[in-house]
1. Looking at the structure I just gave you, is MET67 part of a helix (DSSP H, G or I) and modelled with pLDDT under 80?
2. Being in a helix (DSSP H, G or I), at pLDDT 85 or above and within 20 Å of the chain's Cα centre (by Cα) is true for just one of VAL75, VAL33, VAL40. Which residue is that?
3. Need pairs with beta-carbon distance below 8 Å; first residue over 17 Å from PHE35 (Cβ atoms) and within the range 11-24, second of a type outside the set (Gly, Ala, Ser) and assigned to a loop (DSSP other than H, G, I, E, B); sequence gap 6+ or separate chains.
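The values are calculated or read from the model by the stated rules, or taken from the named source; none is laboratory data. What you are looking at is a predicted structure, and each value in this text was computed from that prediction instead of being measured. Methodologically, a virtual Cβ is constructed for each residue, glycine included, from the backbone with ideal geometry; neighbour enumeration extends over all protein chains shown.
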Amino acid sequence: MIEFLVAEKESVRNIHKHLCSVYGSAAFNRSTVDFLIKRVMASATGKSQLHDWPCSGHPVTAVIPEMLQHGDAVVCKA
């Protein structure tokens, strides 16, 4: 629904109002709708992207060998 309304050039306010009328209290809040609209507009296809955007300086995974060794040491002490 968000993708369609973005293509129709609806405002964030109107898109949020449509979502509230359909989903009631279970609808996204306005800031989340704004975030989703930006994701749709930033994509080349005009469809929302389900994967995370790459962030410089952040590791792809939080598991590193040092963390595994530390975890093993904590478990072995117990």
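1. Values: part of a helix (DSSP H, G or I): yes; modelled with pLDDT under 80: yes.
Yes, satisfied.
2. Checking each option against the conditions leaves just VAL33.
3. Hits for this filter: VAL22/MET1.
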